[in-house]
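Here the structure comes first, spelled out in structure tokens, and everything after it is commentary.
All of the numbers you see were taken from the coordinates with simple rules; none came from a lab. Keep in mind that what you see is a predicted model, and the values were worked out from it rather than measured. Because the Cβ atoms are built from the backbone with ideal geometry, glycine has one as well, and the counts that use them run over all protein chains shown.
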């Protein structure tokens, strides 16, 4: 999927989708922010996001993901007074990565279903064996096929995603398969971000579902306890799984992100 830009006012938001997914999963949030005056940009990061025809050999290194996200931020900053950043899953980890480097250049953060640990209830039992394949030819053979509930508690949406996955290689919930090189690079990014969290100073909103099937609230707690930001707000959702930008509480996610960004931009302008 191509990058999406929703033109708005002098303040901008960079929204980063999850691993091997597309900007589509961030659209409900993007549209809400744009309706309230923000310019919103949803990039496609080659080798991180997914587009038709990609395979295990298409994955690039996490440093390349970071560099591209950084470039996208700077491009927005050249045209706008200030820029906030939001991300879902590994997109939230990538948001933290650039915030650690940019310091107070980042106006605010919305960290959605941040994934520092793959410890949710839908993760297969053999997950701990995957590192064995990271440095062998097996990395180009094995892929984890997405399965129900696809990170969604909403039964109707889950049914639609299942139909899409049955005859396509992707849906708005991401690629039908996660490749081993992508998971490996994501874990290297996570390792780096854990070390750099104290350098993050932007006001941070952390939203996580209690029943997240991919990553439990342990990840959200870790961020809240180790981040260097003075302003940190944590919200737990009770009617969603992992894909909180499109699941049952997507409106609450958008409302809370909008409120938090409004306050952060107002404080920044006043200062």
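Counting only helices (runs of 4 or more DSSP H) that fall entirely inside the range 1-116 and contain at least 3 residues that are under 27 Å from residue 161 (Cβ atoms) and touching a strand residue (DSSP E or B) at 6+ places or on another chain (Cβ under 7 Å), the qualifying elements are 27-35, 90-102. For residue 252, the conditions (1) touching a strand residue (DSSP E or B) at 6+ places or on another chain (Cβ under 9 Å); (2) farther than 18 Å from residue 40 by Cβ; (3) surrounded by 16 or more Cβ atoms within 10 Å (Cβ to Cβ) all hold with the exception of (3). Restricting the first member to the range 32-43 and to residues that are at positive phi and in contact (Cβ under 8 Å) with a residue 12 or more places away in the chain, and the second to residues that are surrounded by 24 or more Cβ atoms within 10 Å (Cβ to Cβ) and in a loop (DSSP other than H, G, I, E, B), no beta-carbon pair is closer than 8 Å while six or more apart or on different chains. Comparison of 188, 205 shows that the only residue that is in contact with a helix residue (DSSP H, G or I) (Cβ under 8 Å, 6 or more places away or on another chain) and surrounded by fewer than 16 Cβ atoms within 10 Å (Cβ to Cβ) is 188.
Per-residue answers, yes or no, for (1) over 27 Å from residue 34 (Cβ atoms); (2) in contact (Cβ under 8 Å) with a residue 60 or more places away in the chain; (3) assigned to a loop (DSSP other than H, G, I, E, B):
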| residue | (1), (2), (3) |
| --- | --- |
| 188 | yes, yes, no |
| 194 | yes, yes, no |
| 198 | yes, no, no |
| 219 | yes, yes, no |
| 234 | no, no, no |
| 239 | no, yes, yes |
| 248 | no, yes, yes |
| 252 | no, no, no |
| 265 | no, yes, no |
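So if I check each of 9, 47, 103, 91, which one is closer than 18 Å to residue 183 by Cα and surrounded by fewer than 24 Cβ atoms within 10 Å (Cβ to Cβ)? It is 47.
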